[in-house]
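Here's the structure we're looking at; comments come further down.
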Amino acid sequence: MSSVAWLIPALPAASAVVIVALGRKMPVGGAEIGILSLATAFVLSLVLAVEVFGANVAATTSGVGEAFLHTARVELAPIGAGDSLFAGIRIDGLTVMMFLLVTFVSLMVHVYSLGYLHGDERFTWYYAVLSFFSAAMLLLVVSDNLMLLLVGWELVGVSSFLLIGFWWELKANSDAAIKAFLTTKLGDVGLVVGVVALWGQFGTFDIAAITAMVGDGVQAGGAPLDTGLLSFALIAFVLGVVGKSAQFPLHTWLPDAMAGPTPVSALIHAATMVTAGVFLVARLYPLYSAAPAAQATLAVIGAITLLMAGLLALVQEDIKKVLAYSTVSQLGYMVAALAFSYTAGIFHLFTHGFFKALLFLGAGSIIHAAHSNNLRDMGGLAKVMPTTFATFLVGTLALMAVPPLAGFWSKDEILVEAAAAGGYTGSLVLVVGALGGALTVLYMTRVLYLTFAGSFRGEGHPHESPRSMTGPLVALAVPAALIGLVNLPVEAFQPYAFSAWTMFSLEYWQTHPIAFEPAIAAVAVGLALAGFLAGWALYRALPLGDDDPARRLGPVSTVLAEKYYLDRLWTDLVTRTIVRDTAAPAAVTLNDEVIDRAVAGAGRATVATGRRVYDDVDQRGIDGVLHGLATSTWWSGARLRLSQSGNVQLYAGAMLTGVVVLAIVFAVGEVS
Amino acid sequence: MTDLASDPTTVDLFALAPELSVVVAALLILLVELALTGERKRYVNLIGLVGVVAALAFTVALWADIGDGARAAFGNAFVVDAYALLFKGLFLSVALFVLLLSYRYFSEFRTYQGEYYVLLLGSFVGMMLMVSARDLVMLFVALELVSIPGFVMAGLRKFDLRSNEGALKFFVMGVLSAAILLFGMSVVYGVTGTTDLAGIAVALETGERLPLLLAAVLFVIVGFGFKISAVPFHFWAPDTYQGSPVPVTAFLSVASKAAGFAGLLQVTFVAFAPLADVWAPVLGVLAILTMSLGNLLALQQTNVVRLLAYSSIAHAGYMLVPFGVATATDAALNSDAFRAVLIYLIAYAVMNSGAFAAVTAVTRSQPSRLVADYAGLGRRSPGLAAALSIFLLSLGGVPPLVGIWAKFFVFSVAVEAGTAFGLVLAAAVVLNTVVAMFYYLAVVRTMWMDEPTVEEPVAPGKALGFAVGGLAVLTVVLFLGIGVFTDVAGVSTLVASG
Amino acid sequence: MAAVYPLIFAALLFSVGVYGLLSRRHAVLVLMSIELMLAAVTVNLVTFWAIAGDALLTGQVFALFVMAIGAAEIGVGLAIIMLIYRNRASVNIDDADLMKY
Amino acid sequence: MSVPEVVMLATGVVGGAAALLVVTSRNVVHSALYLVVALLAVAGVFLVLGAEFVAWAQVLVYVGAVVVLLLFGLMLTRAPIGPTGQGNELGKAMPLAVALAVFAGLVALIVTSYGGEVIALEHVPPAALGEVLYVAWALPFMTLGFLLTLALIGAVVIARREEGEGPLPEPDPDEPEAAEASPPDSSSWPQRQPEPTPDEREVSA
């Protein structure tokens, strides 16, 4: 089966071509071709998963053999210096995991878009690009060498540019597409630098060969490994990761990229494109473990990102932007996790892909009904959109890391690994990660409250979305709820678990068992509960004074009196999950007036911090610097162009002056 | 130079066959055009095409003939080796392309069709002679044979003051740089006592380093710096490119520039190789200046041709980077640097020709050449817009297009040098790549995202459409096929090793 | 005979040519300045031939070629100047600044 | 000081002075005549150095042909034969500084590199030159022939007056990106002004 794995990226690619060629003549405008190809790809991925995961489990249970690895390649052309350009596939646990995630989410998005983009004039074009994007992403994950990976990476960038700017008639949309492309392009420069540096050091693009050489502690020509050079290349890769996976400080493109159609956001900003950077680090994990400096960089960047983006998510009014910042924050978790543990990083990638895609598609359904992205124009939707509400709730709880939903297991795993790693970076990620968990709960509580509680504040009469949209929601809710169980931190289960499926070597799997620390889990859940209480208290008892940090949420206060849904939510959440499982007595006591106020105060302070970070640091600072960079580049060009005066004698003078100056440079160079 | 006089009575006509077929075509055009009248004058283009194709065939035949060796005629003044043939093939392909580009442009233009083709082919003869020249005298004569018809062609839009001015500026700067170049060559001859490139290298290896000689090396570099429009010798380029007929602009920015690089490669890597520690840093500094200034100025442009002009200046900067890391001692590094320049030139020729072909096509319906004219091209002529997007993205260095290899080899040789200066150059390349993406993408965005101002599609015509389509395919295919040239370029480094 | 005399003469001609090229407005005078620079080159070449005395007379031959090419350049240059004169009735070289920036 | 050195110095001083007058004279025709003197001095230097054929070629090609061509150019452009405005936008300081820097640099380099070099003068008859020119230098020589042909064709193409040619209306200088003039098709030619109006000519002169 693994020998025909190349079909998995090839099918969507072919589908893109066919849709362009024949789509307009098809009854559903080409969508059926895309759906069919993705469904086939998904089925193939499942079959492949059985084979690969089965082989890995056989290895872990018997304790002999190696992690499954199948490579096949075709030589395209020699590129000199003894190396050739290959088109090659690399099938291992990581590839198959990405296949499953990408094909499944992409299939769901394909189906969902039938309803969402129904009647759009560029419907066929949309499906073609969507298929093309899936193909590019699958190419990225299947490549066995860095050059092909770079090609996939760039194709993902180009197709995401087309998708984000899909409704290009609105200037904001095309600007967002340009911004996304340019920012990630800036990161790509780091990637190119890294690829060239690794090529220079190891004389090949082949990932397996480089990994083997690092394992043996050698580089090209058998010379001993230069760790400094390796760290340079890997940190250059981190720049690529920062761009593509929207890490601090290049994260600003992602919220803007929400201008694209919502299913696109679900696909590329939850499960695929933004995870490319995380995937890259995971792919090169054996290299990173040989370069502690690069790992520390990952930990610090991830920690900053997850905290900062969590704060930012608190103050967004656009539901998609909340989710966008939430994605940035979760990507921060993954990047930080990869500083310590391969499995923890990709496990969170895996679970997050499902529940965040669910949340985006749910948000799309909500937007479809409310005809607005703004949280102010929503409210009371639980009644009219029961399916959306239920599935969105599942996604939210998974994101909040409520046990036993998907997010709990993966996030807990990250914290445990960070604690086990210790040191400055480990402690940093542990503390920040736990705080970030509380923040996550806080902002998601707010979204839930503003969207579903109270009564509808927007225009018109919202109604439940069509089947083609709710179907994928339900289909995604299942893995969002349950997928975390595939890596239960129980020792006996380990040889059959996710960590075994996706291991890159048996040795790594044996030396890195999945652990569970009740203390850490308890603290995390406690903090999450605190976050929830703060959110609840804040939005229930929101005063309307001028000094209120959340006063921009003014209309909220009018519906605060009707706290029916919040109460129900509260009851559901606390009684059925948190309270029953871990912290029942604490919750009851905390409901006390005094603590309630204190917590509300803490919540308000957090919101204020988020607001300040957003206004001063993110919008004025980072965005300003990026913008300023562009402006100053332009400005220096504007000055320089005056040198082109149009007078040929000035040109000649410049030429001769150049000669004289060069002569001086020459002379100085000769003397020194 | 001693064997130059050895056997003057026999001339190796086969070695000269590519040049001769183009010369014959040029002279035939001159005669035949007199016999044709009116519309039919345009058929002289076909004579040119036949001549160029014949020359290409001879080039291939010579390629098969020489194997790993070389043929020489007129002593050492004319050498046919893999390096020379690679460049001849490149020039002839560009000639083919420029002829396709010119067919409709000049048949509508009516005046001086025949003369234009004669001048164009003559200039290409100069390029072909130049890459075979292993002697300063021959090199100079060939360089002038490239330049002088260029001055005239730049001014062929005689009714247009911009074209007049472009020609004047080109002429003044060209003649000035020729004078500087000659002054340098005269001193090099004086110090070494020979004009033979290999002989110069031998003399420099052993002789003392006279200060005057170093200045002369600088003068020679300046002379070629004009031809490749390196900063600060670039000023003529944007004005001339803007004023010239578009096919001539394509010719100037691709072929003429490639010829300048060929000449620079020959004098630096062959003749001046022992002085590499002197000229390499200077050319490296020029590289940084050239790419940065070119890109910063390109950001400002609203005229597409000027934008491409500055972009082509910036590309000259990238191509100068390998010169900046050359050394007098490390033959392997020099060989890689040499190869990086060759590959860049090939990739650049393909993608930049393509960009100019697409611009020519659009200019036919909207002569103002503004970026704004490209608004909505994606809807009016999706094929043309897709091709132009491919060319621009390739120029920006986006895989999977051939442009990434150009940047890749330049960048890797800068890193390979392992010196601080090499890393500075590498960083400059990276930063400039980012800046350049801004203006390439601005055009791409305009094409696909802005509302069209006019609705009717662009009709490029058969010859031009063929050129655009073929080059777009080549830009993609060469991403995979670059290996063909990396090996050839490897062989050609025999020039570098003397 | 001391070699510096003709060489300094050549340097003088070259620098004077540079001055004229940069300072004069009249386009034909700019051409004359270029002629001076080319003459400087021929003086250099012949002097270096006299110093080296090579059998192929490279310096002399090169000087002849430079003259011929110089003449060709002047021909083309004058033609361009006359073209501009016909189109704008001016031979001032700094009037030619339609295209800039 | 030997006789050749004295002759060399004398021609050098005369030639240098004439060259300076070429670029500083206010009258363009005077400039052309000074150019004759400067180029004759160059020919004299060649003679002293023993390059007889090159010297006569210099006289014939430059003094005999090029200067005449330049004078024709001056006449045909109907430039005011007499004093012309000196200054251009660069002023005088910048050209002077650059020229002096070039001169000073070159002289310093020449003196350090060739200060002690002495030339053993030898006379080369034209016949000797002919022998190498058509044998060793045959290829560049033939190339040169082709080049001269092309230059001739090019000069004729550019210099020939077109039907309907003449000053175009000055484009708006604030709009450097304005549409370029389109190629003339035969239908539009008769509408062009064949001659500039006197006003335009005065303004631009």
Practice item. Please say if region A:394-517 is rounded, prolate or oblate, where rounded means a/c under 1.5 for a ≥ b ≥ c the square roots of the C-alpha gyration tensor eigenvalues, and otherwise the choice is prolate for a/b larger than b/c and oblate otherwise? Key: oblate
Exercise for review: Could you tell me how many degrees, from 0 to 90 and to the nearest 10, lie between the Cα long axis of helix C:58-88 and the main elongation axis, the longest principal axis, of the Cα atoms of chain C?
Suggested key: 10 degrees
Check your understanding: So which lysines can D:K92 reach, going by Cα to Cα under 29 Å and dropping same-chain residues fewer than 8 places off?
Key -> B:K169, B:K227, C:K100
Exercise for review: Any lysines with Cα under 16 Å of the A:K411 Cα? List them, leaving off those in the same chain fewer than 8 positions away.
Suggested key: A:K356
Check your understanding: Which of the GluC sites (Glu not before Pro) across region A:103-211 are loop residues per DSSP, with 11 or fewer other Cβ within 10 Å?
Key -> A:E121, A:E169
**Study point:** Likely footprinting exposure, B:V118, A:V57, D:V157, fewest C-beta neighbours within 10 Å first
**Key:** A:V57, D:V157, B:V118
Revision key, fill the gap. Rounded to whole angstrom, the alpha-carbon centroid of region A:398-444 lies from that of region B:358-413 at a distance of 47 Å
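Which longest uninterrupted range of chain B lacks any trypsin sites (Lys or Arg not before Pro) assigned by DSSP to a loop state (not H, G, I, E or B) and surrounded by at most 16 other Cβ atoms within 10 Å?
The answer is B:210-498.
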Exercise for review: Whole Å is fine, so just give me how far the alpha carbon centre of region B:135-197 lies from that of region B:269-300.
Suggested key: 20 Å
Review point. Roughly speaking, what % of Cα-Cα pairs in the protein assembly as shown are separated by over 69 Å, rounded to a whole number?
Key: 18 percent
Revision key, fill the gap. Counted neighbours (other Cβ, 10 Å), sorted fewest up, put A:W199, A:W167 in the order A:W167, A:W199
Review point. Amide H of B:L370: which non-local residues (sequence gap of 5 or more, or other chain) have their own amide H closer than 5 Å, using H built in the peptide plane?
Key: B:V304
Review point. For peptide B:187-198, how many partner chain Cβ atoms fall within 10 Å of a residue's Cβ, on average?
Key: 5
Check your understanding: Of D:Y62, B:Y439, C:Y5, how do they rank once you tally other Cβ atoms within 10 Å and put the fewest first?
Key -> C:Y5, B:Y439, D:Y62
**Study point:** Per-residue ³J(HN,Hα) for region C:39-50, Karplus 6.51 cos²θ - 1.76 cosθ + 1.60, θ = phi - 60°, Hz, x for Gly and Pro
**Key:** 4, 4, 5, 5, 4, 4, 4, 5, 4, 5, 4, 5
Practice item. Output ³J(HN,Hα) for region A:368-380: one whole-Hz value per residue in order, computed from phi by the Karplus curve 6.51 cos²θ - 1.76 cosθ + 1.60 with θ = phi - 60°, and x for Gly and Pro. Key: 4, 7, 8, 6, 7, 8, 7, 4, 5, 8, 10, x, x
Exercise for review: Under a 10 Å cutoff between Cα atoms, tell me which one of C:I81, C:I51, C:I34 has the largest fluctuation in the Gaussian network model of chain C.
Suggested key: C:I51
Revision key, fill the gap. For chain B, the Cα gyration tensor yields equivalent-ellipsoid semi-axes (√(5λ), largest first, whole Å) of 34, 27, 20
Check your understanding: Roughly how many Å is it from the Cα centre of region A:136-188 to that of region B:305-355, as a whole number?
Key -> 27 Å
Point to revise | Sum of -39500 (n - 2.57) over DSSP H runs of 4+, divided by residues of the protein assembly as shown (222 nm, nearest 500) | key: -23500 deg cm²/dmol
Practice item. Please figure out what share of the DSSP beta bridges in the protein assembly as shown is antiparallel and state it in percent, rounded to the nearest 5. Key: 95 percent
Exercise for review: Just tell me which lysines come within less than 16 Å, Cα to Cα, of B:K88; anything on the same chain fewer than 8 places away is out.
Suggested key: B:K257
Check your understanding: Could you give the alpha-carbon Rg of region D:1-82 over 2.2 N^0.38 Å, rounded to two decimals?
Key -> 1.21
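Can you bin region A:271-362 into rounded, prolate or oblate? Criterion: square roots of the alpha carbon gyration tensor eigenvalues sorted a ≥ b ≥ c, rounded for a/c under 1.5, prolate for a/b above b/c, oblate for the rest.
Taking the square roots of the gyration eigenvalues as a ≥ b ≥ c, region A:271-362 is oblate.
Assuming a ≥ b ≥ c are the square roots of the Cα gyration tensor eigenvalues, decide whether chain C counts as rounded (a/c under 1.5), prolate (otherwise, with a/b larger than b/c) or oblate.
prolate
None of the figures in this text is laboratory data; all of them are computed from the coordinates on show. This structure is a prediction, so every number in the text was calculated from the model and none was measured. Heads up, the Cβs are rebuilt from the backbone with ideal geometry, glycines too, and the neighbour counts pull from every protein chain shown.
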